[in-house]
Amino acid sequence: KCRRRRTEPASSGADMAAPAPDLSALAVLSAEPQAVEIPVAAQPLAADQIGPAVTSLIGSKAALTFFQLEDFPRKLVATVDNLGRSHAPPLAWPISPTEGRFTVLTHAGATVVNADNGQRYTPLVLLLETINVGLAVDLYVRMYPVLQQTYVDLGYPNRQFNDRLLQVINHLLATPSAPQVMTVQLTEVKGPIPSLRPWVRYEFADPALEALSSGQKIMLRVGSVNQNRLKARLSALRQE
C-alpha cells in the first residue's frame, strides 16, 4: 500500500461563541495537492461490479438502508469533490439522506440548532465505525480506475481523483469544533408562493460558519460527538 502521513490540524475547543473562519482549512483546499501513486489493483473492478462489492463490504441490510448504489462511482466522485465547495446537492450523494427533519429551538430569543439533531446521524456513524478501514482501502484501490475515469469525465482531465480525495479529507479534518449553541436563521423566500419545507431553508446566522464549505457544515450539523468520531475514521482512512 502507498501511505502518506500529514500532520492533522489542531481543532479549537467548543464554546458558546462561534469560531472564526478556519483559514487553515481554506489553505488546505487552495494548496496544490501532493501527488500520491495509487498501486495497480490485481483485480480491478468494472463499473457494474462496484455496487455488489460495496454491498459485500458493509452487508446487504446496511447497503439498502444507507447507500445509493445506483451510479455509485459518479455519485461518490461528485460528492467528494463537492464537499470542499459551497454546495453538495443531496440528489448526487452516494448515501441516503438522514431520516427525520432538521429541528430548531428558541434560546435567549434566538433560533438555535436543536442539540438532538445529532442523533439522526448516529446510526450512519456507527456503521462507518464497523467498517474495516484496510478492507475499505483495498476496495477503493480496486475501484480506482473507474473512479479516476469518472473524475476525468466530470471535467478534470489532468488531475488525479486520489489527490482531491486526500485534499478534501484534510479539509474536513480541519473543521472547527461545533459551538455548544449554533444560531440559525431562515433564508428569505421571494415571491407569492410560500415555502412548504421551511426546515431546509435554515442557514447559520454567524457569517463565519455560513462561509464554511458544504462538507464542514455537515461536520457541524452532525454534532460534536459524531464530529469527533467521524474525524477519527477520516484520520484512519487517510493514514491507510
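The values are calculated or read from the model by the stated rules, or taken from the named source; none is laboratory data. Owing to the predicted nature of the structure, the values given are computational and were not obtained by experimental measurement. Every residue, glycine among them, receives a Cβ derived from its backbone with ideal geometry; neighbour counts consider all protein chains shown. Side chains included, ligands, DNA and RNA excluded: accessible areas come from the protein's heavy atoms. Shrake-Rupley method; radii C 1.70, N 1.55, O 1.52, S 1.80 Å.
See the values below:
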| read-out | value |
| --- | --- |
| Residue match in the range 88-100 (condition: in a helix (DSSP H, G or I) and farther than 19 Å from residue 213 by Cα) | no |
| Pairs, first in a loop (DSSP other than H, G, I, E, B) in the range 176-194, second modelled with pLDDT under 80 and open to solvent by 90 Å² or more (accessible area, probe 1.4 Å), C-beta under 8 Å, six or more apart | 179/16; 180/16; 181/16 |
| Residue check, residue 148 over 16 Å from residue 215 (Cβ atoms), out of contact with any Leu (no Cβ under 9 Å at 6 or more places or on another chain) and either among the aromatic types (Phe, Trp, Tyr) or surrounded by 15 or more Cβ atoms within 10 Å (Cβ to Cβ) (or both) | yes |
| Residue match in the range 171-182 (condition: at pLDDT 90 or above, buried (at least 19 other Cβ atoms within 10 Å of the Cβ), of a type in the set (A, V, I, L, M, F, W, C) and over 19 Å from residue 84 (Cβ atoms)) | no |
| Residue satisfying all of: in the range 94-110; open to solvent by less than 50 Å² (accessible area, probe 1.4 Å) and not aliphatic (A, V, I, L, M); nearest to residue 180 (Cα to Cα) among these | 102 |
| Test: residue in the range 73-85 that is under 21 Å from residue 201 (Cα atoms), open to solvent by 40 Å² or more (accessible area, probe 1.4 Å) and part of a loop (DSSP other than H, G, I, E, B) | yes |
| Subset of the range 118-130 [open to solvent by 30 Å² or more (accessible area, probe 1.4 Å) and either part of a loop (DSSP other than H, G, I, E, B) or not hydroxyl-bearing (Ser, Thr, Tyr) (or both)] | 119, 120, 123, 124, 126, 128, 129 |
| Number of the exception - residue 50 against (1) closer than 26 Å to residue 85 by Cβ; (2) modelled with pLDDT under 95 | (2) |
